[in-house]
Amino acid sequence: MRLAEYTDYTLRVLMYCAANPDRLITIAEIAEAHALSKNHLMKIVSDLARQGLVETTRGRGGGIRLIKPPSQIRIGDVVRASETDFRLVECFDPDTSTCSISASCRTKGLFGRALAAYFRELDSATLEDMVAPPPRRGSVIPIRAARAAAPAARPGRAKG
């Protein structure tokens with residue numbers, strides 16, 4: 001699953017605010033730090049304010065800050081509010097699905113379980129987790145080691 005740029009930028013705004021809790025943050029500052037459009041960020045900040053995650057102060061000396069502590073902002077909730085479509089396959093939406101094999105296909109169940117697992121993982125993380133110092137070297141499984149530990153390809157299936 002790939003997140004929309006809007007969601008990515010939303011997370012960046014929240015992380016920037018969480019990393020600077022003792023002051024107001026300007027949209028211009030975030031735009032410069034992440035090389036993003038100020039106009040795009042204004043829409044994101046407006047949506048975050050409407051969701052009750054940030055407060056905004058207009059005018060000279062104004063800016064944005066988090067309303068809730070980062071420990072109370074679940075990443076899964078942010079992604080759900082920012083993304084517009086979680087239909088991983090056509091049959092997720094019975095109103096628009098034209099799939100002729102829906103009745104006997106197991107794709108919807110498989111991807112439905114995958115989506116649920118995805119959100120379980122995102123729901124287990126908070127904004128505080130996202131801005132905490134990175135773990136010490138060696139405490140995370142390197143990608144090469146994780147790939148080596150992955151189950152081998154099923155017999156009889158061609159690779160690639």
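The values are calculated or read from the model by the stated rules, or taken from the named source; none is laboratory data. Everything numeric in this text was worked out from a predicted model, so none of it was measured. Quick reminder, even Gly has a Cβ in these numbers, built from the backbone with ideal geometry, and neighbours come from all protein chains shown.
General remarks:
- Every residue from segment 12-40 that is of a type in the set (A, V, I, L, M, F, W, C), part of a loop (DSSP other than H, G, I, E, B) and surrounded by 13 or more Cβ atoms within 10 Å (Cβ to Cβ): L24, L36
- Here G62 fulfils each of the conditions (1) farther than 20 Å from D123 by Cβ; (2) under 17 Å from the mean Cα position of the chain (by Cα); (3) loosely packed, with under 15 Cβ neighbours inside 10 Å apart from (2).
- Filtered residue count, segment 99-127, keeping only those that are loosely packed, with under 14 Cβ neighbours inside 10 Å, modelled with pLDDT under 80 and in a helix (DSSP H, G or I): 1
- Some residue of segment 41-55 being closer than 17 Å to I27 by Cβ, part of a strand (DSSP E or B), free of Cβ contacts under 8 Å to residues at least 40 places away in the same chain and among the polar types (S, T, N, Q): no
- Hits in segment 1-54 - residues which are hydroxyl-bearing (S, T, Y) and either under 28 Å from A117 (Cα atoms) or out of contact with any Gly (no Cβ under 6 Å at 6 or more places or on another chain) (or both): Y6, T7, Y9, T10, Y16, S37, S46
- Of everything listed in (1) surrounded by fewer than 14 Cβ atoms within 10 Å (Cβ to Cβ); (2) within 19 Å of R2 (Cα to Cα); (3) at pLDDT 95 or above, the single unmet condition for R74 is (1).
- Taken over segment 66-80, residues that are assigned to a helix (DSSP H, G or I) and among the basic types (K, R) amount to 1.
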